[in-house]
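Written below as structure tokens is the structure these notes are about.
The values are calculated or read from the model by the stated rules, or taken from the named source; none is laboratory data. The structure presented is a predicted model; accordingly, all values stated were derived computationally and were not measured. Note that we place each Cβ from the backbone using ideal geometry, even for glycine, and neighbour counts take in every protein chain shown. Just the protein is used for accessible areas: all its heavy atoms, side chains included, with ligands, DNA and RNA removed. Shrake-Rupley method; radii C 1.70, N 1.55, O 1.52, S 1.80 Å.
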Amino acid sequence: MAEAFSAQTLPAGKADRYGVLLGEIAAVLEGETNRVARMATVASLLAASFDTFFWTGFYVVDRDKPDELVVGPYQGTLGCLRIAFGRGVCGLAAAERQTVIVADVEAFPGHIACDSRSRSEIVVPVFDGDGGLIAVLDVDSTEPAAFDEADQAGLEAILRQSFAI
Ligand code: SME
């Protein structure tokens with residue numbers, strides 16, 4: 001299962017690839033209720049599925065500081081530890097509770113550059129079963145304009161299935 005699971009063995013089209021991934025993630029997470037385990041699994045499988053994903057991970061709403069995000073499970077180079085709501089792409093997605101796609105991070109005012117190789121990014125809010133914001137998923141690419149509506153739809157579906165439970 002997971003051994004054969006890689007960008008090379010998955011369908012080439014994004015929508016098909018997200019579709020296969022959705023089923024794989026559901027199978028791996030079945031019966032696991034721990035949220036950290038679920039986030040770590042989603043980050044790992046996403047990062048393994050797309051060669052263009054350079055940094056893939058979660059910023060979690062801090063229980064002690066509810067207007068601040070703190071880094072959670074991720075795959076990639078060192079990320080910043082904390083991001084205030086409203087700051088950077090992650091803070092904007094958290095404050096607005098909406099997916100944000102940035103085609104060119106250098107043109108985004110207030111972008112937080114954790115790694116200067118990042119050129120484009122998508123940040124998707126993560127909700128629990130009651131509709132409460134629990135985190136955002138941040139995916140960065142070294143390619144400009146790497147993300148589109150297919151990524152938004154695919155990632156939103158995976159996050160809904162994995163956390164709105
Ligand atoms: N670029 C993000 C910060 C997180 S890192 O890239 C891992 C932002 O502007 O919110």
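Numbers for the structure displayed
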read-out	value
Odd one out for Thr99, checked against (1) within 11 Å of the ligand (Cβ to nearest atom); (2) of a type in the set (Ser, Thr, Tyr); (3) surrounded by 14 or more Cβ atoms within 10 Å (Cβ to Cβ)	(1)
One residue from Val89, Val100 being free of Cβ contacts under 8 Å to residues at least 60 places away in the same chain and either in contact with a helix residue (DSSP H, G or I) (Cβ under 7 Å, 6 or more places away or on another chain) or closer than 18 Å to Met39 by Cβ (or both)	Val100
From the options Leu69, Leu81, residue that is among the hydrophobic types (A, V, I, L, M, F, W, C), open to solvent by 30 Å² or more (accessible area, probe 1.4 Å) and either at positive phi or at pLDDT 95 or above (or both)	Leu81
Filtered residue count, region 139-165, keeping only those that are open to solvent by less than 40 Å² (accessible area, probe 1.4 Å) and either in contact with a helix residue (DSSP H, G or I) (Cβ under 7 Å, 6 or more places away or on another chain) or not polar (S, T, N, Q) (or both)	13
